[in-house]
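Notes to accompany the following structure.
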Amino acid sequence: MTSTDGDPAVEGSFNALAAALRAGTPGDDEYQSIAQWSVRLVPGCDHASVSVLRDGKFVTLGASDDVARQIDDLEREVGEGPCLDAILEERPQHDPDITDRATWPELAQRAIAETPVRSVLAFRLIHEGAKSGALNLFGDAPNSLDEESVAQGTIMSAFASVAISMASERRRATNLAIALDTNREIGKAVGLLMAEHNIGSQQAFEILRHASQVMNRKVRELAHEIVSRSEPTT
C-alpha cells in the first residue's frame, strides 16, 4: 500500500469529520461517527467500533455495522482480545492474521467460525486523562490491517480521543445552560408565590414542591406553568 501521509483526500476527510463533530447537536452520537469514519479513513478496515469501560464493564457505544458489534460481544464472552487489551496497554494491539498463530486464540477461533473478520487492530482512547476506551478496527482479509493501517489508525485514535472530550464538554455546557434556565424559572415561580400569598421564599418553595408531589409532576414543569400564566398575553 502507498503511504497516506500528506494525502489531500485523507486530510480532507479528517477535516470533514472534524466539521461534522463540531456541528453536532446534543444527542448526536460521536462514537458512532468515529466508528463509521474509521472504515473510510483507515486502509484495510472493513468494520470498526468504539468501546468504553463503564462501571467495570466494557460497553460498545458506536459501531459501523453488526459485524463490529459481534466481535466486541465475542471478546466480552471469551474474556480476551485486542479491544480489551488496548485499554490497558499504551501500544496498539495488532494481529494482522488471526488464522495463523493467533495472539488471542479463543477469540480467533470464534471469529473465524462466526464472522468474516481475519485481521484485528485496536487503540487505546484517553478521555480526561483516563484510559477509558478503545477504537477497534477489523479487516475481512488476512493481513488487510498492516503497518499503514497502524499508522493511520494511530492518528484516528488520537483524533477520536480529542473529539470525544470536546463532545463531552459540549454536553456539559448544554446541561449547565438547561439547569440554569430551569433554576431561573423556578426562582421566578417562587417569587410569584411569595408575592401572591405574602409568604417567605422557603414556604413558597415548599408549596411548589408539595404540589409537584401531589400532582406527580416535575417542579420545573409547575414552575413553567406558574410563570407562563403570570406573563401578559399579546
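Length available on full extension from Glu225 to Gln109: 0.36 nm per residue minus the Cα-Cα distance, which gives 35.7 nm.
Our compactness index for region 58-150, the C-alpha radius of gyration over the empirical 2.2 N^0.38 Å, is 0.99. Rounded to 0.05, the FRET efficiency of the Arg54 and Asp100 pair, given R0 = 35 Å and the Cβ-Cβ distance, is 0.55.
Ordered by the count of other Cβ atoms within 10 Å of each Cβ, fewest first, Lys218, Lys57 give Lys57, Lys218.
Give a quick list of GluC sites (Glu not before Pro) in region 51-141 that DSSP marks as loop, anything other than H, G, I, E or B, with at most 10 other Cβ atoms within 10 Å. Those satisfying the criteria are Glu90, Glu128.
Hey, fewest Cβ within 10 Å first, where do Asp95, Asp100 land in order?
Working: Asp95 21, Asp100 11.
Placing the least packed residue first, the sequence is Asp100, Asp95.
Every number here is computed from the coordinates shown, using simple stated rules; none is lab data. Because the structure is a prediction, the values reported are computed rather than measured. Here Cβ is always computed from backbone atoms with ideal geometry, including for glycine, and neighbour counts include all displayed protein chains.
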